[in-house]
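The values are calculated or read from the model by the stated rules, or taken from the named source; none is laboratory data. All of these numbers come straight from a predicted model, not from anything done at the bench. A quick note on method: Cβ atoms are made from the backbone with ideal geometry, for glycine too, and the neighbour counts reach across all protein chains shown. Keep in mind that these areas ignore ligands, DNA and RNA; they rest on the heavy atoms of the full protein, side chains included. Shrake-Rupley method; radii C 1.70, N 1.55, O 1.52, S 1.80 Å.
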Amino acid sequence: MSPRYPLEGVVSWNMNTTCNYRCNYCTQRFVDDRKTWARDLPRFVEAFTALPGDWEVKLSGGEPFRHPGFLDAVRGLVEGGVRVSVVTNLSSSNEVLDEYVAIVNARPGVFSASLHLEYAAPDEFFARLRRVESAFAGSVNATLVATRENMDRVDELRAIWPQLKVQPEKQDRDVVAYSAQDRARLQAWGGHNGTGWIDPDFSGRDCWAGARYFIVDHRGDAYRCYPARRRKSESVGMHALGNVLDGSFRLGMKAAPCAYSYCNCTVPQARGMVDTSRRV
Ligand code: SF4
Ligand code: SF4
């Protein structure tokens, strides 16, 4: 049986590759050009606000606050009735964060802050996150990439922020080879972003990604989900959904079988878009 129709759809918009950090585990560190961002924001906003039904747009990058038109895009989406979430490294000034919160409080989603220990001191990071939390009408989230070095600090960090979520480290977009002991620790911390899984395989199961979830890059190219983007050379309609700016975008109408052996997409798992209750 297919999972129930998700009342709210979700777009993950990777709006820029630009970032002020260079984390050694960043999955984008081999991207040729880390200075690109979505141009023509009004057309992106128009495309997202025209989607059928209720939608949330999750803004990420790179570091989305580094996009020169970031706050304008947020304002346009909120005014268009879209709920807005963000994934950020929390390095922006308090003034900019305050402005973001003031705009987005009309349609608040999730404010997700990723702690990068090469660049941010935990005490200061969590103090800034508490400051955001005190004014923000949506929910606040903190994440950490669980490199082998970082794993030894999770307990110390959770003493400051008990709900800290971990994300398995990836190399070439696959989860690195953790020892059985480290996998058990990751599992005990809730798996990837609290989904309960580290590198699950849902292939063959019906999933709403492609119909009620999709991802868009800074060029406007849209894909069913992150594993679909990895196979972007394959035919439009199977993995790629076209481009949201040039009229070729086509959204699926129903749940369809997953074609990938590793799902690293938190949203479809966390929103019940695919049945994650069974082990494979
Ligand atoms: S903050 Fe995020 S996008 Fe920027 S380098 Fe680190 S992992 Fe990559
Ligand atoms: S990889 Fe995940 S999000 Fe993509 S179709 Fe499969 S279950 Fe859905």
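Work out, in µm²/s and without decimals, the Stokes-Einstein translational diffusion coefficient of the chain at 37 °C, 0.692 mPa s, Rh from Kirkwood over C-alpha pairs.
Using the Kirkwood radius from Cα pairs, D works out to 170 µm²/s.
Over region 131-280, what is the relative contact order in percent, taking alpha-carbon pairs closer than 8 angstrom and at least six residues apart? Provide the component values of the computation, followed by the final result.
Values: 217 pairs, mean separation 31.4, N = 150.
Relative contact order, region 131-280: 21 percent.
How far apart, in nanometres, would the label points at Arg43 and Asn94 be if each is projected 7 angstrom from Cα along the Cα-to-Cβ direction?
4.0 nm
Pull up all non-local amide H partners of Trp55: gap of 5 or more, or a different chain, and H-to-H distance under 5 Å with H placed in the peptide plane.
Gly9, Arg83
Within the chain, how many lysine pairs that are 8 or more places apart, or on different chains, have C-alpha atoms less than 29 Å apart?
Lysine pairs, 8 or more places apart or on different chains, close enough: 10.
Using the heavy atoms of the protein chains and a 1.4 angstrom probe, tell me the accessible area per residue for region 8-199 in square angstrom.
The answer is 45 Å² per residue.
Checking the a/c ratio against 1.5 first, then a/b against b/c, what shape does the Cα gyration tensor give for region 1-120?
prolate
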